[in-house]
Every structure is written in C-alpha cells, then in structure tokens.
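Okay, structure first, notes after.
The values are calculated or read from the model by the stated rules, or taken from the named source; none is laboratory data. The structure displayed is predicted, hence computed values, not measured ones. Cβ sites come from the backbone with ideal geometry, for glycine too, and all protein chains shown count toward neighbours. Heavy atoms of the whole protein, side chains included, go into the accessibility calculation; ligands, DNA and RNA do not. Shrake-Rupley method; radii C 1.70, N 1.55, O 1.52, S 1.80 Å.
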Amino acid sequence: MALTMEESGRLVGLLTTHAERVVQRWTDIVAALLRGRLSQAELRLQVQELHRSMIDAGAEGLTDIQSGSAGELRASLAELSRGWARQGFSATETAVSLYALKDVLFELAETGEVELRDVVVFGGLVDQMGLFTFETYVQTREGLIADQAEQLLELSTPVVKIWDGVVAVPLVGTLDSARAQVVMERLLQTLVDTGSPHAIIDITGVPAVDTQVAQHILKTVVAARLMGADCIISGIRPQIAQTIVALGIEFGDIATKASLADALRHVLRLTGIEAARRQPRREA
Amino acid sequence: MERVPVLKIGDILLVSIQIDMSDQTALALQEDLAERIVEIGAHGVVIDITALDIVDSFVGRMLSTIASISKVLDAETVVVGMRPAVAITLVELGLSLNGIRTALNVERGMKLIAASRENDLGHDEEVKDPEPGQAATSA
C-alpha cells in the first residue's frame, strides 16, 4: 500500500494548505474519543507534532511508513504511543486516535477540497501509521511487564536477619522454579555473608503448597545443610498442613513450626541450651 | 604428585583442599589422614573446601570415604566452607553427602567437634554410673 511520489506530494500539499483545519478537527475528534482524559492543549501539541512530522516526511518523499525517509515520523509515532501506553490509554484508543485523521480527510473530501481517490490512498498510509503505533504500544507494555516482573522478583525475596546467627526468609506469593532458585541463592549467600548457622523459611505468604513447591523448599533446606546451616520451615497454615499430608510430602527430619515465633523460640532454645549448660560449669 | 597438607590444631586435624583433586591426590590424602589420626589420636577432622569451585560426585565420594575412615578411628569429620553454588549443584545432582557433618566456616566446624566431643563424654559418664551394661551397647 505504498504511495507514489506524486501522491506523497499531494498529501503534503493538502496537509500544508489546510493545516489549521486538519489539526483542529483531528484534535476535536480525538478529544471526544478520550472524553477529557488528556487536556485539549496537550492533545493539540501532540497532534501538531504528528502533523508536522508527516509534512516533513512527505517533503522528503514519504512512500511507505517503513522507508528510510519516514524515520522521524516513526520516531514521533513511537513517542506518542509509548507516552499513551504509560498513561494507561488502551491500544485501541491509541490506534483509533490516528485513524481519526481518516475522518478528517473524509470531511475534506465532502467539501471537495480533496479527491475521494486520494482519501483512499492516504487512508492506507494512516492505516500503516495506526498499526505501527499499535506495535510500539504492545512493545512498551511488554517492556513494562518485564520490568515489573523483575522488580517483583527482587522485592519478594528478602532475607532478613532476625537474631544473631538467625536469618529468616518470609516467602510471599506463588513459588515457581525461577523464584525458588532466586530464593535459594539469596538465602545461601546470606548464610555465608553473615555466618549464620540457622535459617527460618516462613511460608505464611505462600498461597498453596504442591509437590513442586515442597520439592523447591526441600532442596533449599538440603543445600543449606550441606553448607553447615540448619533450616526450619515455619508458617504452615492448617489447610497447608492438610495438603502436605494428603500429598504424602515427607519433610523428614526437618523441623517444622506453625509460626515464625515458634521457629525463633526453637532456634533460641537450641542456642540457649548450650549457653545455659556451660555457665554453671564455669561457676563450679 | 601434589599432596594436600594435613595440619594439626590441638587434637583436631585441619585439611584445606586448594587444588583440583585427582584419584592419586585423593588416595594419598586418605592415607595421610588415617596415619595422622592414629599418630596423634585426633578426635576430629575439619575439611575446608572454601577454595573448591566444583564438587563433583568424585570429590563427594572422597569426602564420604574420609568420613567413614575417620569414624572407624573415632574421629568426627566436618566439611566446612561449602560455597552456595556448590551446595546447589550437589542438591541438583542428588548428592546429599550422607553421614558428613557440615559447618559454615572452620571456626564453627571446630566448635562443632568440641561440642559433640563434650556431649559424648558427658553422655558416657551419665550412663556409665547407674547401668554399666547400657554404656557398652551405646558406645
């Protein structure tokens, strides 16, 4: 659906001659579509920017949206699309706002300012521009989602020191393989860095424990043991305890506690007993 | 052939593995250790693997063998300083190094041996007095 050089020239001529009218009508239609979610002035600026880059591109011989001369036009379309994606406008709204230009062209045709044949040809270009913004929009949103997933991964796996030589990992949310791996690495690294011989894995925030999640937790515990640290699993809710038994998951000799407080008490008693036993000996 | 030095600290032997283990070095280490344990009557062996980036099944088996040998000679083996990456790899391989005690660092490893020794002695004394027959079976 490429334009010929001649058609491109006619488009530039049209956009330049009726510049004020095109920008005004285009802004009006989009404003009606967005129902005031973007201020008229801001919208007008963006439309003007698009209008200007279309003329610039046309002057250099705009034949196709993918051609080299349309670089600047693509850049302003991408910028508009990215901005709207971040502000929470839908992909359809972004694309339809561009298609509003077709309505403007049609209105011009009705008053006889432009031939109907040209409207169809220019419409093809506008379609391409719309699809381009759609694509950019999707890319931007995918980038956002990827960023957020990464942030979530970082936020959701804190390892906190709750006592001398005791670290805790409060797990929140579903535990998949990727997260389990991150949790395991963080925990083990923290054990080395802080020299803590005790770790508590708290699963209060884990909505469901299936065999896979249990497997991940068990692996972490075994790895911690290999490094010389003892792991306790805490925060097992009644339903989860029932599921664990129903699934036949064996935690073996790994200590499990109902709450984080119980786990901490257990650890303190382990270390406390040693201290309590030695003191009377020294006195004697 | 490279040899792994065996250091004596009190009645504990410290082995720090800093080279890639081959069959030869592993065998030599086992022999050296067994001799030294008998020689000084050591009751604990601390094996430091902080410097090891890779622990494969071969090294895993060597550690198990050393632990078994030491146990026969009444010395406890503690493997210390395993890196997180190594621990993860071992777990993924399904090697859990059964029968080997572990600690985070050399210091904690030596404390562990001292504590368990103290425990054993205390336990023996407690049991011996009231019922001598019980101590014989538990020892």
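By accessible area, using a 1.4 Å probe on protein heavy atoms only, region A:1-158 has 56% of its surface on carbon and sulfur. Hydrophobic long helices, here whole DSSP H runs in chain A with Kyte-Doolittle means of at least -0.5 and Cα atoms spread over 30 Å or more along the helix axis, are found at A:116-155.
Projecting the Cα atoms of A:Ser69, A:Thr17, A:Leu98 onto the charge dipole of the protein assembly as shown (Cβ charges, centred on the Cα centre) puts A:Leu98 farthest toward the positive pole. On a per residue basis, the convex hull of the C-alpha atoms belonging to region A:160-283 measures out at 107 Å³.
At 0.36 nm per residue, minus the direct Cα-Cα distance, what do A:Asp103 and A:Thr4 gain on full extension? Give it in nm, one decimal, please. Don't skip to the end; give the middle numbers.
Values: separation 99, 0.36 × 99 = 35.64 nm, distance 2.20 nm.
In short, 33.4 nm is gained.
Cβ neighbours within 10 Å, averaged per peptide: list A:41-48, A:249-256, A:129-136 in order, most packed at the top.
Numbers: A:41-48: 15.6, A:249-256: 12.8, A:129-136: 18.8.
Going by the mean number of other Cβ atoms within 10 Å, highest first, we get A:129-136, A:41-48, A:249-256.
For the protein assembly as shown, the Stokes-Einstein estimate of translational diffusion at 10 °C and a viscosity of 1.306 mPa s comes to 57 µm²/s, using the Kirkwood hydrodynamic radius over alpha-carbon pairs.
Looking at chain B, the pairs of alpha carbons with a distance over 21 Å make up 44% of the total.
The angle separating the long axis of helix B:23-40 from the principal Cα axis of greatest extent in chain B is about 30 degrees. The C-alpha atoms of chain B define a longest principal axis, and helix B:106-128 lies at about 20 degrees to it.
For a Förster distance of 41 Å, can you work out the FRET efficiency between the beta-carbons of A:Leu153 and A:Asp127, rounded to the nearest 0.05? Could you put the intermediate results ahead of the total?
Working: r = 39 Å, r/R0 = 0.96.
FRET efficiency, A:Leu153 to A:Asp127: 0.55.
Lys pairs in the protein assembly as shown, Cα-Cα under 23 Å, at least 8 apart or on separate chains: how many? Qualifying lysine pairs in the protein assembly as shown: 8.
Assigning unit charges at the beta carbon (Lys, Arg +1; Asp, Glu -1) and nothing else, what dipole magnitude in debye, to the nearest 20, does region A:160-283 show about its Cα centre?
Values: 13 positive and 12 negative charges, 79 e Å.
The dipole of region A:160-283 has a size of about 380 debye.
Once the C-beta distance of A:Asp164 and B:Arg117 is scaled by a Förster radius of 25 Å, the resulting FRET efficiency is 0.55 to the nearest 0.05. Accessible area per residue for chain B, computed on protein heavy atoms with a 1.4 Å probe, is 54 Å². Modelled spin labels at B:Arg61 and A:Gln66, positioned 7 Å past Cα toward Cβ, are 5.9 nm from each other.
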